1. What pairs can you find where one residue is in the stretch 28-46 and on the phi < 0 side of the Ramachandran plot, the other is among the charged types (D, E, K, R), and their Cβ atoms are less than 6 Å apart, with a gap of 6+ or different chains?
2. Find the residue count for the stretch 44-57, including only residues that are among the polar types (S, T, N, Q) and out of contact with any strand residue (DSSP E or B) (no Cβ under 7 Å at 6 or more places or on another chain).
3. Among the residues of the stretch 29-45, which ones are under 18 Å from Gly18 (Cβ atoms) and either polar (S, T, N, Q) or part of a loop (DSSP other than H, G, I, E, B) (or both)?
4. Hey, among the residues in the stretch 58-76 that are touching a strand residue (DSSP E or B) at 6+ places or on another chain (Cβ under 8 Å) and either at pLDDT 90 or above or in a helix (DSSP H, G or I) (or both), which one's most open to solvent (accessible area, probe 1.4 Å)?
5. Select from the stretch 36-53 the residues that are loosely packed, with under 14 Cβ neighbours inside 10 Å and under 18 Å from Asn68 (Cβ atoms) and write down the one among them that is modelled with the highest pLDDT.
Amino acid sequence: MSVGDVLRPRGIDEGRYGAGILLLLPDKTLVHRGDWEGLHSTFMSPDRNTAVTVVCNVDSPDHFHAANQLLDIWTT
């Protein structure tokens with residue numbers, strides 16, 4: 001699976017990956033997603049001063065979307 005396969009369904013057209021971190025372009029948001037033993041997580045930092053982490057133990061919630069919603073609350 002490529003970075004594009006993960007990002008495009010979420011409306012993100014371009015990004016770079018290295019050392020476990022995605023750099024979303026053009027706004028340069030940092031993102032790390034992970035899945036392990038039934039746990040699913042997303043870390044996001046849009047400005048290097050604010051960060052949010054969402055961890056779920058079920059498959060159904062979109063933790064990436066939830067992280068975006070939390071950032072919207074704190075940054076608007």
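The values are calculated or read from the model by the stated rules, or taken from the named source; none is laboratory data. A quick note: this is a predicted structure, and the numbers were derived from the prediction, not measured. Cβ sites come from the backbone with ideal geometry, for glycine too, and all protein chains shown count toward neighbours. For accessibility, only protein heavy atoms count, side chains too; no ligands or nucleic acids. Shrake-Rupley method; radii C 1.70, N 1.55, O 1.52, S 1.80 Å.
1. Close Cβ pairs satisfying both conditions: Thr42/Arg33.
2. At the first step, the residues of the stretch 44-57 found to be among the polar types (S, T, N, Q) are 45, 49-50, 53, 57.
Okay, now just the ones that are also out of contact with any strand residue (DSSP E or B) (no Cβ under 7 Å at 6 or more places or on another chain), so 49-50.
Residues meeting the conditions: 2.
3. Going through the stretch 29-45, the residues under 18 Å from Gly18 (Cβ atoms) turn out to be 29-34, 42-45.
Passing the criteria: Thr29, Thr42, Ser45.
4. Going through the qualifying residues, I end up with Trp74.
5. Going through the stretch 36-53, the residues loosely packed, with under 14 Cβ neighbours inside 10 Å turn out to be 36-39, 47-50, 53.
Now drop any that are not under 18 Å from Asn68 (Cβ atoms), which leaves 47-50, 53.
Working: Asp47: 89, Arg48: 89, Asn49: 90, Thr50: 90, Thr53: 93.
Only one residue tops the list, namely Thr53.
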